[in-house]
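Beneath this line is the structure, given in structure tokens, with notes to follow.
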Amino acid sequence: MIQPQSQNSITYTRVIHLSHVIDIDIPQWSGDPPVEFETVAELNNDSYYLRRFSLGEHSATHINAPNSFHSYAVGIDQYPAQSLVVPAVVIDIRQATAVNPDYALTIADVLAWEEQYGEISGGCVVILNTGWQKKWFDKSAFLNHDSQGIAHFPGFGSDATQLLLDERQIVGVGIDTHGVDPGQDNSFAINHLVLEKPRIVLENLTNLDQLPPKGTTLAIGILRLRGGSGSPVGVLAFVP
């Protein structure tokens, strides 16, 4: 049992990985660089074990940087350390996505959550639990392409995102699908909205069913890639 600790004055009893294990057969967008591992040193021959790995900046559980959608914006290496330790709230929309895979978070969803748990505080990341994490090991189901090659998975709606940014002053969004934008939206409208400033966009999260609606603190471990458009991340949730 982990002894209770203090993280930003919040007592927690559990620490949970919100990142998937990186492997060669994870779901990826068509055209993304493949995940590759190459052994470059072996214990028997070199007295130590070492591999080289390669993957895209937006593969696996990852964060998108503003310069991935805005040419004038910062890269992932310029995120201040303190901006990567943030409180999080979780909105559960699994009931809606079980019926409609194209479901997008609405203002009504946000207000219903707030009626039960209180107004969303400024400075937090809003995470959507869509239930999609359970499809991770089935690439076809996870991306859910139709016969025309269009992906169908849930995401954030534009009106709800605008409300969260403007009226709740959130610092980012996260989701357990391959994109905060619903799969059908190839304009990446939500990414554009959130990343106009150096806010946070987390995609391909997991273990969201283990998080409470509020009270969690996230620690987001980025790779400080010079000028990076994003980075695979190790996201730890400190759960009260």
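The values are calculated or read from the model by the stated rules, or taken from the named source; none is laboratory data. Worth saying up front: this structure is predicted, and the values here are computed from it rather than measured. Using ideal geometry, Cβ is built from the backbone for each residue, glycine included, and neighbour counts are taken over all protein chains shown. Note: accessible area is taken over every heavy atom of the protein model, side chains too, but ligands, DNA and RNA are not part of it. Shrake-Rupley method; radii C 1.70, N 1.55, O 1.52, S 1.80 Å.
Contact map, region 76-103: residues that are in contact (Cβ under 8 Å) with a residue 40 or more places away in the chain paired with residues that are acidic (Asp, Glu) and part of a helix (DSSP H, G or I), Cβ distance under 7 Å, separation 6+ or inter-chain. Pairs shown: 91/109; 93/109. All conditions in (1) touching a strand residue (DSSP E or B) at 6+ places or on another chain (Cβ under 8 Å); (2) surrounded by fewer than 16 Cβ atoms within 10 Å (Cβ to Cβ); (3) among the hydrophobic types (A, V, I, L, M, F, W, C) hold for residue 222, with the sole exception of (2). Report, by residue number, each residue of region 76-127 that is in a helix (DSSP H, G or I), open to solvent by less than 30 Å² (accessible area, probe 1.4 Å) and not aliphatic (A, V, I, L, M). Matches in region 76-127: 77, 97, 113, 114. Applying the condition of being of a type outside the set (Val, Ile, Thr) and open to solvent by 70 Å² or more (accessible area, probe 1.4 Å) to region 5-14 and asking which residue is modelled with the highest pLDDT yields 14. For beta carbons closer than 8 Å, sequence separation of 6+ or different chains, a first residue in region 11-36 that is among the acidic types (Asp, Glu) and a second that is in a loop (DSSP other than H, G, I, E, B) and open to solvent by 80 Å² or more (accessible area, probe 1.4 Å), the qualifying pairs are 36/24.
Set side by side, the residues 193, 163 differ, and just one is touching a Ser or Thr at 6+ places or on another chain (Cβ under 7 Å) and either surrounded by fewer than 22 Cβ atoms within 10 Å (Cβ to Cβ) or over 21 Å from residue 209 (Cα atoms) (or both), which is 193.
Summed over region 37-75, the residues that are without any contact (Cβ under 8 Å) to a residue 40 or more places away in the chain, surrounded by 11 or more Cβ atoms within 10 Å (Cβ to Cβ) and assigned to a loop (DSSP other than H, G, I, E, B) give a count of 3. When we screen 76, 120 for residues that are closer than 19 Å to residue 160 by Cβ and hydrophobic (A, V, I, L, M, F, W, C), the only hit is 120. I'd like the full set of residues that are open to solvent by 50 Å² or more (accessible area, probe 1.4 Å) and closer than 18 Å to residue 221 by Cβ, limited to region 15-36. 15, 17, 21, 22 - these are the residues of region 15-36 that are open to solvent by 50 Å² or more (accessible area, probe 1.4 Å) and closer than 18 Å to residue 221 by Cβ. If you check 184, 169, 148 for being out of contact with any helix residue (DSSP H, G or I) (no Cβ under 8 Å at 6 or more places or on another chain), open to solvent by 60 Å² or more (accessible area, probe 1.4 Å) and in contact (Cβ under 8 Å) with a residue 60 or more places away in the chain, only one passes: 184.
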